[in-house]
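Okay, so here's the structure we're looking at.
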Amino acid sequence: MEEAGFRSQFRDVLTRLIRPREGANPKIGVALGGGFARGMAHIGVLRVLERHRVPVDYIAGVSAGAIVASAYASGTSPDEIQSVAQSMRFRDVARWTISRLGFAQSDRMEAFLRRLLKRFRFEEMRVPLAIVASDLGSGRPVIFRDAGDVVIAIRASCAYPGLFTPVRHAGRYLVDGMVSMEVPASPLRQMGAGRVLSVALPNAETLNPTSMFSVVNRCFQILASRTENEWRRRSDLVISPRVGALAWDAFGSCRELIQAGEAAAEAAMPLIEKWLASRRHPAARSHNAAVPLTA
């Protein structure tokens, strides 16, 4: 057996051993996947969780999900995130450049994040946070958490290959977290979450590419389909807001994207309410683990 395969199986066994038992008041973690402008749907999901007083004990994000997760973890409310998102445009987070490594720099993202986040270091976050980027050299995920600068982690997680230049950090070139981990369910397990709610944002299939970016986007779709089982196995509940018909850069559709997130989360609430019942009554046994739901 290859070493990487052995390590993966060992982590799976260890996760099952340390995972809180049913009725042990399990903590809830929320994993937000990538999707560029479609990531605004995450705002709607978080708004519904707050509306129903669902405690978010841990949160993790990849790419666009890293932005929303970080804002929420820092103490920015869903309404405040929406206020910033409604005026957001591509130029707020990117600057066109001439480089052999990409067409845009993400340095402008720092000023944007300074407006959005209320805290800027992992150790200061109100909700424990994890952000995932990808090491261009090894191809493995790089998980930022516990301590350090949140802004550099977000920039790395959002560095979409071919569009943004890689982010140089700690001697490595880092790119979009979706390259190695489409939805960050695994880091939440490592942080102690006993229940993981994963939010996956579907893309419209690009069967007839019309540009280089559509070709890269289709490659991401193919790659994601190969690794989907991995993060689904670590999720107790998966919801997918209906945003596939909207373009990757549909910043002007903020309200529609948020409403799609709200609808998906509301559809999932009956099961989440059962999770909450088990927290309120630890002796009650639940039978709801690993139930996928698409709304």
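The values are calculated or read from the model by the stated rules, or taken from the named source; none is laboratory data. Fair warning: this is a prediction, and the values are worked out from it, not measured in the lab. Using ideal geometry, Cβ is built from the backbone for each residue, glycine included, and neighbour counts are taken over all protein chains shown. Surface accessibility is based on the protein's heavy atoms, side chains included, excluding ligands, DNA and RNA. Shrake-Rupley method; radii C 1.70, N 1.55, O 1.52, S 1.80 Å.
Couple of notes before you dig in:
- Cα→Cβ-extended label distance, 7 Å offset, between Arg126 and Arg232, nm: 3.5
- For the stretch 115-173, the share of accessible area belonging to carbon and sulfur comes to 47 percent (1.4 Å probe, ligands and nucleic acids excluded).
- Once both labels are positioned 7 Å from their Cα atoms along Cα-to-Cβ, the gap between Gln221 and Met269 label points is 3.3 nm.
- Integer Hz, Karplus 6.51/-1.76/1.60 couplings in order for the stretch 73-78, x for Gly and Pro: 4, 6, x, 6, 6, x
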